[in-house]
Amino acid sequence: MDTRTRLIEAMSTSLRKRGYGSTAMKDVLVEAHATAGSMYHHFPDGKEQLALTAVSEVGRTSTEGLIAIIDSSPSVADATAAFYGALMEDMESSEFRYGCPIGVPSTEVAFVLDGVRAASSDVFSSWVDAIATGLEREGWNRGDAERGARFAVSAYEGASTLARATHDTSYISDTLEFVRNVLR
């Protein structure tokens, strides 16, 4: 794995675990096995540019994964079970140390770092669009599909936050049950 990719992954992990404000670049550099010089070579604007890139890259891959799950599932409601199930597994396997790689930095830096906030907003919009497109294929009109998709994404982020805060995945499983009912 190249240095740029290691830096992005280390930043993403730190954002999920510590948030932007508590992410120390020295820790990211140690985790990435990189030097400050190589970080500034790839990210001349430093920490904010690296965080923005990490959110954008994770967002792109998570959107691609969501689309693949939707395309391979019998219904969008079934696809949400896979997406929420992955969240539960992630929470449990990390012992609730990691939050959503998009949600955590978006709420922490919403008024401080416009670039990171905008990147998070773009990711959330891409998730909504992916779900809404799937719902349209199932016969929903676009307006209802977008509302249903916004509900599913909002519920996902809320369940993620509550599960992490309480160390209880029942927030995710209970939310999933309602989301699946709405999307059926």
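For this structure, a couple of remarks:
- Verdict on Phe96 being at negative phi and either modelled with pLDDT of 90 or more or surrounded by fewer than 19 Cβ atoms within 10 Å (Cβ to Cβ) (or both): no
- Residue ranges of helices (runs of 4 or more DSSP H) in region 3-44 with at least 2 members of a type in the set (A, V, I, L, M) and under 23 Å from Val104 (Cα atoms): 3-18, 25-32
- Flag not set for Leu113, criterion: modelled with pLDDT of 95 or more and of a type outside the set (Val, Ile, Thr).
- Residue in region 92-106 that is among the aromatic types (Phe, Trp, Tyr) and in a helix (DSSP H, G or I) present: no
- Failed criterion for Ala54 (all others in (1) at pLDDT below 95; (2) within 19 Å of Ser160 (Cβ to Cβ) hold): (1)
- Of the residues in region 111-127, at least one is over 17 Å from Leu52 (Cα atoms), in contact (Cβ under 8 Å) with a residue 40 or more places away in the chain and either surrounded by fewer than 20 Cβ atoms within 10 Å (Cβ to Cβ) or in contact with a helix residue (DSSP H, G or I) (Cβ under 9 Å, 6 or more places away or on another chain) (or both).
- Selection from region 1-35 of residues that are open to solvent by less than 50 Å² (accessible area, probe 1.4 Å) and among the hydrophobic types (A, V, I, L, M, F, W, C): Leu7, Ile8, Ala10, Met11, Leu15, Ala24, Met25, Val28, Leu29, Ala32, Ala34
- One residue stands out in region 63-84 among those that are modelled with pLDDT of 95 or more and of a type in the set (Ser, Thr, Tyr): the one that is surrounded by the fewest Cβ atoms within 10 Å (Cβ to Cβ), namely Ser72.
- Any hit, region 127-138, residues being within 19 Å of Asp71 (Cβ to Cβ), within 12 Å of the chain's Cα centre (by Cα) and either in a helix (DSSP H, G or I) or at pLDDT 95 or above (or both): yes
- Pairs with Cβ under 7 Å, 6+ apart, first in region 14-42 and more than 28 Å from Thr161 (Cβ to Cβ), second surrounded by fewer than 15 Cβ atoms within 10 Å (Cβ to Cβ) and not aromatic (Phe, Trp, Tyr): Leu29/Thr35; Leu29/Ala36; Tyr40/Gly46
- Pairs linking a residue in region 153-166 that is without any contact (Cβ under 8 Å) to a residue 40 or more places away in the chain to a residue that is open to solvent by less than 70 Å² (accessible area, probe 1.4 Å) and of a type in the set (Asp, Glu), with Cβ atoms under 8 Å and 6 or more positions apart or on different chains, are Leu162/Asp168.
The values are calculated or read from the model by the stated rules, or taken from the named source; none is laboratory data. The structure displayed is predicted, hence computed values, not measured ones. With ideal geometry, Cβ positions are generated from the backbone for all residues, glycine too; neighbour counts draw on all protein chains shown. SASA here: full protein model, heavy atoms, side chains in, ligands and nucleic acids out. Shrake-Rupley method; radii C 1.70, N 1.55, O 1.52, S 1.80 Å.
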